[in-house]
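One structure is given here, and the rest of the page talks about it.
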Amino acid sequence: MSKKKLVLIDGNSIAYRAFFALPLLNNDKGIHTNAIYGFTTMLMKIMEEEKPTHVLVAFDAGKTTFRHETFTEYKGGRQKTPPELSEQFPFIRELLKAYGISHYELPNYEADDIIGTLSKKAEQDGFSVKVISGDKDLTQLASEHTTVMITKKGITDMEEYTPEHIREKWEIDVSQIIDMKGLMGDSSDNIPGVPGVGEKTAIKLLKQFSSIEQLLESIDEVSGKKLKEKLEENKEQAVMSKKLATIMTDAPVEITLEEVFYEGIVDEELQMLFKELGFQSLLEKFDFEGGALEELEELSFIVAHEITQEMLAHPSALYVEMLEENYMNGKIIGYGLSNQSGHYFIPTDIARESEGWQEWLRDKSKEKVVYDAKKSIVALKRQGLELNGVSFDSLLAAYIINPAQNHEDFASVGKEYGLSCVQSDEQVYGKGAKQAVPNLDALSEHVARKASMLWDLTEKLKTALKENHQDALFFDLELPLAFILGEMEYQGVKVDRTRLTSMGKELGGKLKELEEKIYELAGETFNINSPKQLGVILFEKLELPVIKKTKTGYSTSADVLEKLQSKHEIVKYILHYRQLGKLNSTYIEGLLKVIHEDSDKVHTRFNQALTQTGRLSSTDPNLQNIPIRLEEGRKIRQAFVPSKEGWVIFAADYSQIELRVLAHISGDDKLMEAFQQDEDVHTKTAMEVFSVSKDDVTSEMRRHAKAVNFGIVYGISDFGLSQSLNITRKEAGEFIERYLDTYPAVKEYMEDIVVEARDKGYVSTLLNRRRYIPELTSRNFNLRSFGERTAMNTPIQGSAADIIKQAMIDMAKRLEEENIEAKLLLQVHDELIFEAPQSEIEKLKTMVPDVMENAVELNVPLKVDFAFGPTWYDAK
DNA sequence: CGGCTCACGC
DNA sequence: GACGTACGTGAGCCGT
């Protein structure tokens, strides 16, 4: 028999936690549901992860408990439970019932005491126990057989407290937690403790005296006059506080462990409850027996056996359906079509045989609205079919309206706009290894539904774009750009396979040598690629000092290793091994894997609807992170070559585009001056910040100034800056302050934009791209700070993204107008990479900077540098 | 298969 | 004083 496992949940604590962690959600009947929702997600996660045999949720029963006899003010000063939360408790009990989970409460005792009592009992009966709560007090129950999970942030993110973890974290024994609490007190429970003693002091005292009782006996040995006095004055209070903080393990609990056996979910009840509460996402997530999900409204559609003229109406909604996400390799499995004549599913073989269909696709005058224009066009082009007349892309429109939404799945996008007649792709096709095309009936219905919903969605999106004044951003920027990106992807980049292979061989040899050297110095062989094994070697066997720890062990990151270089010879070999290993696995082997056999080209896909700032991203392969900073890595670029004989690679990049954007939007005189006079902005910043003349700027000063500029551009915090410069956080904070004093209008911009963002809920870029920042109203300091940095940074990064996108569109136009053969291949955030016949280089040398520099007009000039050569490496 | 750590670019 | 700190993609490891 498998081991018995008991999960004990502190019901009140989790409900409170969920209530305050989530915004006040309402269902359609006006009932608040946030605590119920949070409780449910927590429960789902726990049940899935722990798969317990027994479960109990304990609740507090009423206001007074035995603890009030000891201390009448216990839990005094606590705010009343908000009615918005109270009203949710009956539903939580219903939820538990539907889940087949028992709950229990005991007059005069708290949930803690029930949990404490049952956990001890269960331990004796051979259970392993998990306790779930939001209250750290419960950690006192941790033992060899009991793990206590405390919610960290939100409600599903938990920290596991085992006795070992407690020793590591607080450097005290589990048994001393109550002493710690007795000394510190707890303001939320109104436990007084000893005034002036916090966590730090409590731990220090306990390390010396081990318990409150022993401490009070040997009170003369306490160092620090003040502290001693306080302790003496509050002797009784400390002892009482400890008593209050102690969880009972022998409360008169009447429920038995047999009774809390987990029965399993009652599907119907849970489904009904979710429906009543309006938990759409959970209804889907849940694999209800029989799959009897919410019934979709009926849709009559036709599976086309031939293509008729009537079907080819316009405008039409066209959904090009593929199974694989990578449309460079995947196949089209059918088309959904929806227009005034009806809704259709068109199987690929029917489409392939129809001249009329292909002609219709090609016809510019036949308007089509699609979901993911670029994907549709490229996928068809790979089949030799042309798609023209795309007048709307609901993927891009939805992204523009709210980039934070997940746009992977069409059904979920529809749902956001109140449309729900399509199942999620995962429901229809499954996922992972189990992914497959279903039978024709299911497939055709799914795809026809998509086309139908696409039509309705388009109307809604057009309205929303207009309301937001984002029509221009969509019609003049993103949609035209999609066509250009499609061309770039289809075109691909030629890769010199032999070159890569030989670099790989060379790397392999060097890696072998390094590996042997490392094993020799370590005195044993191990997996250098495993941070865990490497940590053991460095910090246990070789006893190097531990500089940083991660959640799971020692950190072995590059910045840590750099600090250890002087301590042991092995470190530099490991750093080098890492560097070469990365090159080999990601850039040599990884790249070789995605080269198309027939053409020797790689065809990256640019995701145009993903980043929160408006930048593009690149996958399969990612060509936006090819090494450049270190020479060894930079050589990878030698493998990227023009696709034709006599052609060259031409690369043009914006110089300091983000800082120029910042100068523009802040209107800061000094910063604008730097660019108007085309000065080195980092040196200029160093001059201003350190108040020295140009000749007195040291390389150290410039490096610091550069890091601050970098930090401003990427919206990093003082902590981030301190990390990158290896200085203290305080110093980093001072740097930022001095920077802002130097550029007062920048400071003003930073302050104003946060206020504006809080008022409006979002920030905007130059071309009216939006990013909503709900974090700004968070009560959590970190989240709020993150929101503030986002508010400052997004207009800068996002506007830069707007500008280069505009430049790409202008560039494509110029290339076509002037009949230039050169082709745009890649965009890497602030640079454009072309391939071109040698004969066109002279022309490009003036045209490309001209177009890029004039994509938009700012209060400061934009500046573009360029270079060209036989490989990407040489275009520097 | 998913989470974690690490490393590359801007 | 704690909190956990730019955005992406991808590789390998490791526990499930």
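The figures follow:
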{"item": "Which numbered condition residue A:844 fails, given (1) more than 16 Å from DNA strand C (Cβ to nearest atom); (2) buried (at least 18 other Cβ atoms within 10 Å of the Cβ); (3) under 33 Å from the mean Cα position of the chain (by Cα)", "result": "(3)"}
{"item": "Scope segment A:738-781; condition of a type in the set (Phe, Trp, Tyr) and farther than 30 Å from residue A:17 by Cβ; matching residues", "result": "A:739, A:743, A:749"}
{"item": "Hits in segment A:504-521 (condition: within 16 Å of DNA strand C (Cβ to nearest atom), of a type outside the set (A, V, I, L, M, F, W, C) and either assigned to a loop (DSSP other than H, G, I, E, B) or touching a helix residue (DSSP H, G or I) at 6+ places or on another chain (Cβ under 9 Å) (or both))", "result": "A:504, A:508, A:515"}
{"item": "Of residues in segment A:596-606 being open to solvent by less than 10 Å² (accessible area, probe 1.4 Å) and either hydrophobic (A, V, I, L, M, F, W, C) or away from DNA strand C (no atom under 11 Å from the Cβ) (or both), the one farthest from residue A:487 (Cα to Cα)", "result": "A:602"}
{"item": "Unmet criterion (only one of (1) within 16 Å of DNA strand C (Cβ to nearest atom); (2) hydrophobic (A, V, I, L, M, F, W, C); (3) within 26 Å of residue A:743 (Cα to Cα); (4) more than 29 Å from the chain's Cα centre (by Cα)) for residue A:659", "result": "(4)"}
{"item": "Residue match in segment A:522-532 (condition: out of contact with any strand residue (DSSP E or B) (no Cβ under 7 Å at 6 or more places or on another chain), assigned to a helix (DSSP H, G or I) and more than 16 Å from DNA strand C (Cβ to nearest atom))", "result": "no"}
{"item": "Any hit, segment A:786-795, residues being within 16 Å of DNA strand C (Cβ to nearest atom) and not assigned by TED's automatic domain parsing to the domain that holds residue A:754", "result": "no"}
{"item": "Subset of segment A:533-586 (residues that are assigned to a helix (DSSP H, G or I), more than 8 Å from DNA strand B (Cβ to nearest atom) and either on the phi > 0 side of the Ramachandran plot or among the hydroxyl-bearing types (Ser, Thr, Tyr) (or both))", "result": "A:573, A:577, A:585"}
{"item": "Residue in segment A:286-302 that is farther than 30 Å from residue A:127 by Cα, hydrophobic (A, V, I, L, M, F, W, C), open to solvent by 60 Å² or more (accessible area, probe 1.4 Å) and at pLDDT 85 or above present", "result": "yes"}
{"item": "Hey, residue A:145 farther than 16 Å from residue A:17 by Cβ and within 16 Å of DNA strand B (Cβ to nearest atom) or not", "result": "no"}
{"item": "Any hit, segment A:485-503, residues being over 28 Å from the mean Cα position of the chain (by Cα), within 16 Å of DNA strand C (Cβ to nearest atom), farther than 30 Å from residue A:609 by Cβ and assigned to a loop (DSSP other than H, G, I, E, B)", "result": "no"}
{"item": "Candidate set from segment A:69-97 (those that are among the hydroxyl-bearing types (Ser, Thr, Tyr) and farther than 30 Å from residue A:272 by Cα); member that is most open to solvent (accessible area, probe 1.4 Å)", "result": "A:72"}
{"item": "Condition check for residue A:706: open to solvent by 30 Å² or more (accessible area, probe 1.4 Å), touching a residue at least 12 places away in the same chain (Cβ under 8 Å), part of a helix (DSSP H, G or I) and over 29 Å from residue A:624 (Cα atoms)", "result": "no"}
{"item": "Qualifying residue in segment A:734-743 (condition: closer than 24 Å to residue A:611 by Cα and polar (S, T, N, Q))", "result": "no"}
{"item": "Candidate set: segment A:402-459, residues that are free of Cβ contacts under 8 Å to residues at least 24 places away in the same chain, outside any loop (DSSP other than H, G, I, E, B) and over 20 Å from residue A:370 (Cβ atoms); chosen: the one farthest from DNA strand C (Cβ to nearest atom)", "result": "A:441"}
{"item": "Elements of type helices (runs of 4 or more DSSP H) contained in segment A:28-129, each with 1 or more residues being closer than 19 Å to residue A:188 by Cβ", "result": "A:34-50, A:67-70, A:83-86, A:111-124"}
{"item": "Within segment A:721-775, tally of residues that are within 16 Å of DNA strand B (Cβ to nearest atom) and open to solvent by less than 20 Å² (accessible area, probe 1.4 Å)", "result": "3"}
{"item": "Qualifying residue in segment A:657-665 (condition: away from DNA strand B (no atom under 15 Å from the Cβ) and open to solvent by less than 30 Å² (accessible area, probe 1.4 Å))", "result": "yes"}
{"item": "Given (1) within 13 Å of DNA strand B (Cβ to nearest atom); (2) modelled with pLDDT of 95 or more; (3) not in a helix (DSSP H, G or I), number of the condition residue A:645 does not satisfy", "result": "(1)"}
{"item": "Cross-chain or 6+ apart pairs with Cβ under 6 Å, segment A:552-569 first and under 19 Å from residue A:530 (Cβ atoms) and of a type in the set (S, T, N, Q), then within 13 Å of DNA strand C (Cβ to nearest atom) and in a helix (DSSP H, G or I)", "result": "A:556/A:531; A:556/A:534; A:556/A:535"}
{"item": "Any hit, segment A:605-615, residues being of a type in the set (D, E, K, R), part of a loop (DSSP other than H, G, I, E, B), away from DNA strand B (no atom under 12 Å from the Cβ) and under 30 Å from residue A:393 (Cβ atoms)", "result": "no"}
{"item": "Residue pairs meeting the criteria (Cβ under 7 Å; at least 6 apart or on separate chains; first touching a residue at least 60 places away in the same chain (Cβ under 8 Å), in segment A:762-778; second part of a strand (DSSP E or B) and open to solvent by less than 50 Å² (accessible area, probe 1.4 Å))", "result": "A:770/A:762; A:770/A:764; A:771/A:762; A:771/A:763; A:772/A:762"}
{"item": "Filtered residue count, segment A:209-262, keeping only those that are open to solvent by less than 30 Å² (accessible area, probe 1.4 Å), over 29 Å from residue A:75 (Cβ atoms) and part of a helix (DSSP H, G or I)", "result": "1"}
{"item": "Pair list, Cβ < 7 Å and 6+ apart or interchain, from segment A:329-342 residues that are touching a residue at least 24 places away in the same chain (Cβ under 8 Å) to residues that are basic (Lys, Arg)", "result": "A:336/A:450"}
{"item": "Those residues of segment A:791-828 which are open to solvent by less than 10 Å² (accessible area, probe 1.4 Å) and closer than 30 Å to residue A:23 by Cβ, in sequence order", "result": "A:791, A:794, A:795, A:796, A:798, A:799, A:801"}
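Each row is one residue, and each column tells you yes or no for (1) acidic (Asp, Glu); (2) away from DNA strand C (no atom under 16 Å from the Cβ).
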{"position": "A:559", "(1), (2)": "yes, no"}
{"position": "A:567", "(1), (2)": "no, yes"}
{"position": "A:570", "(1), (2)": "no, yes"}
{"position": "A:579", "(1), (2)": "no, no"}
{"position": "A:594", "(1), (2)": "no, no"}
{"position": "A:608", "(1), (2)": "no, no"}
{"position": "A:621", "(1), (2)": "no, no"}
{"position": "A:635", "(1), (2)": "no, yes"}
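Listed here are the residues, each with its yes/no results for (1) more than 11 Å from DNA strand B (Cβ to nearest atom); (2) without any contact (Cβ under 8 Å) to a residue 60 or more places away in the chain.
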| position | (1), (2) |
| --- | --- |
| A:598 | yes, yes |
| A:622 | no, yes |
| A:634 | no, no |
| A:655 | yes, no |
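The values are calculated or read from the model by the stated rules, or taken from the named source; none is laboratory data. If you're wondering where the values come from, they're calculated on a predicted model, not measured in any experiment. Positions of Cβ are backbone-derived with ideal geometry, glycine not excepted, and every protein chain shown enters the neighbour counts. Ligands, DNA and RNA are stripped out before the accessible areas are found, and what is left, the full protein with its side chains, is counted by its heavy atoms. Shrake-Rupley method; radii C 1.70, N 1.55, O 1.52, S 1.80 Å.
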